[in-house]
Amino acid sequence: MIRTLNIVFRTAHIASMGILLGGHAFNVAPERLMLALWLTISTGVALIALESQGRPLWLHQGRGIMVMAKLVMVCAVPFFWDFRLPILLGVAVVASVGSHMSGSYRYYSVIYREVMHDSYGPGGKKLANGS
């Protein structure tokens, strides 16, 4: 069930972010983009809840830090409206880098200063089985 929710929220998140970024790039009226903004934020929060599963470790690993940085940047858009396009392009860069960085960065804990795997998330079953 969690995997299904993850796919649903991730798909909605990518679609709403695409609409939001494209809308700002092509100067669509702000009132027409507010739904996409709030959908991007809410699906991002839902993904944080699913991916972290309430584990504080996730928040101080590279993967959590990148996601939290994206959320802060998207939430900044209404307050820094004149810089919305560079902010959203920055979000796309952080998303791409965060999604494709190696495990040594994704699972690195800035608090413990070491790579810390757990049995949750992508590859978690392999870790739980010891392979």
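Read-outs throughout are calculated quantities, based only on the coordinates presented, and are distinct from any laboratory measurement. The structure presented is a predicted model; accordingly, all values stated were derived computationally and were not measured.
Some notes on this structure:
- Residues with amide H under 5 Å from that of Val115, placed H, sequence gap 5 or more: Ser109
- In the chain, the longest principal axis of the Cα atoms and the axis of helix 30-52 are about 10 degrees apart.
- Per-residue [θ]222 nm for the chain (sum of -39500 (n - 2.57) over DSSP H runs n ≥ 4, rounded to 500): -22500 deg cm²/dmol
- With contacts taken as Cα pairs under 8 Å and at least 6 residues apart, the chain reaches a relative contact order of 21 percent.
- Counting 0.36 nm for each residue step from Val94 to Leu57 and taking away their Cα separation leaves a gain of 11.3 nm.
- Helix axis angle, 2-25 relative to the chain longest principal axis, alpha carbon, degrees: 30 degrees
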